[in-house]
Amino acid sequence: MIQENLNTVESKIAEACRRSGRSRDDVRLIAVSKTKPISMLQEAYDLGCRDFGENKVQELVEKYEQLPKDIRWHMIGHLQRNKVKYIVDKVAMIHSVDSLRLAEEISKEALKKNVTVPILVEVNVAGEESKFGVSPSETAALVEEIAKLPNIIVKGLMTIAPYTDHPEENRLYFANLKQIYVDIIQKNIDNICMGELSMGMTGDYGIAVEEGATYIRVGTGIFGERQYTAI
């Protein structure tokens, strides 16, 4: 099942790249593996997946310890400051930085462990009350403040678009995030390396690729619906 799903996702990414005149190499697929057992992650790994995304710190740490060390782990869920210390030396990127206080904690813990942590600033483009993220109007100012911190580097922006049965409705939000990203690049802020846009999930990643996503986060499209089985 996973192989068939990955083939389908891959063909859709490639087609979206063709439609938008982009290179397939410009888009990286993150297999969102939250709640999935180690066996499924290992299967995806054996099929070539190297980027995995987790929502919860404890789950990421447990899987990190059990799976191959060349996996690039992405923290894509809301991150509490008191849990930063557990993952700063384990993740390839933190996608969900939405406040200066969180960035300061990441910087502090990264200094302790002598690592530099790549992060994305999470933007609540759609203004949904149920979602985390900084407002579009405050994004550039937050990036400028984070850029002053040691051992942390802003690599780009992330958003979670609204859930919808009509993916085309989210094109506006992806296009808006891309514009915020371009505007920040033009500011030439020191100590930022804007190159990444993390946007698009199972239902709308094709649209996100067309609008400039460099990371797409696909869970259900690879692993299927969440299954809760008795142990």
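The values are calculated or read from the model by the stated rules, or taken from the named source; none is laboratory data. Here the structure is a predicted model, which means the values were calculated and not measured. As a convention, Cβ positions derive from the backbone with ideal geometry for all residues, glycine included, and neighbour counts pool all protein chains shown.
The table that follows gives values for the structure above.
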quantity	calculated
Unique match (being over 22 Å from Ala14 (Cα atoms) and among the polar types (S, T, N, Q)) among Ser130, Ser198	Ser130
Cross-chain or 6+ apart pairs with Cβ under 7 Å, the stretch 59-73 first and outside any helix (DSSP H, G or I), then among the acidic types (Asp, Glu)	Arg72/Asp51; Trp73/Glu54
Some residue of the stretch 120-127 being modelled with pLDDT under 95, buried (at least 16 other Cβ atoms within 10 Å of the Cβ) and hydrophobic (A, V, I, L, M, F, W, C)	yes
All positions within the stretch 91-116 that are over 15 Å from the mean Cα position of the chain (by Cα) and in a loop (DSSP other than H, G, I, E, B)	Ser99, Lys113, Asn114, Val115, Thr116
Of the criteria (1) in a loop (DSSP other than H, G, I, E, B); (2) without any contact (Cβ under 8 Å) to a residue 12 or more places away in the chain, which one Pro150 fails	(2)
